[in-house]
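The values are calculated or read from the model by the stated rules, or taken from the named source; none is laboratory data. No experiment lies behind these values; they were computed from the predicted model shown. Glycine also receives a Cβ, built like all others from the backbone with ideal geometry; neighbour counts cover every protein chain displayed.
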Amino acid sequence: MAIIIELANAIDGFVDNPTTAREILADQIKRLIRSIRCKYNEAICDNEIIRRQNAEGVEQMVIADLHQLRANAQNQAQIFALQNNLPNQINMVGIPQPFFDWDDSIPDFLAKLRLYLQSQNVDLADNAGAPIIGKDQAIGYLRGCMRGRALEWAG
């Protein structure tokens with residue numbers, strides 16, 4: 001852009017020389033020089049506008065990145081809380097609920113039921129000296145595990 005200005009100034013100086021007798025040519029050249037300078041100024045303004053728009057675009061991208069980082073941090077905090085919550089840790093192990101039918105092995109079923117009750121935080125020996133709440137819960141789980149003839153018998 002600086003070369004255009006230097007060229008315009010050189011032509012302008014040549015046209016202002018009193019030895020040049022061609023006024024028509026001089027007027028055309030001066031109009032052209034004014035046009036070039038006007039376009040140069042418009043280009044500078046356009047460049048400034050584009051520079052500002054680019055800066056705003058970068059700013060918007062940074063803001064969007066910050067929002068994404070905040071959402072990620074919140075999600076990580078929720079995941080951390082879920083993973084460090086004891087009932088969730090036990091359930092993450094994936095101990096399935098045992099089922100008992102009349103023909104199944106009773107000792108095997110009781111071993112599976114004991115593991116399942118532990119995974120559900122049912123304590124059979126809680127409330128020493130008071131009515132045992134864990135026992136009632138365990139009986140409820142036991143009835144939920146029964147199938148077929150065993151369910152009919154317990155019914």
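Please enumerate the residues belonging to segment 104-124 that are assigned to a loop (DSSP other than H, G, I, E, B), at pLDDT 80 or above and within 16 Å of R143 (Cα to Cα). Please lay out each step first, then the result.
Applying the first criterion (assigned to a loop (DSSP other than H, G, I, E, B)) to segment 104-124 yields 104-105, 120-124.
Then keep just the ones that are at pLDDT 80 or above; that gives 104-105.
Answer for segment 104-124, where residues must be assigned to a loop (DSSP other than H, G, I, E, B), at pLDDT 80 or above and within 16 Å of R143 (Cα to Cα): just D104.
Somewhere in segment 137-155, is a residue modelled with pLDDT under 75, exposed (fewer than 10 other Cβ atoms within 10 Å of the Cβ) and aliphatic (A, V, I, L, M)?
no
Rundown of residues vs (1) modelled with pLDDT under 85; (2) outside any helix (DSSP H, G or I); (3) among the aromatic types (F, W, Y), yes/no style:
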position	(1), (2), (3)
T19	yes, yes, no
A26	yes, no, no
I49	no, no, no
E56	yes, no, no
N75	no, no, no
I90	yes, no, no
W102	yes, yes, yes
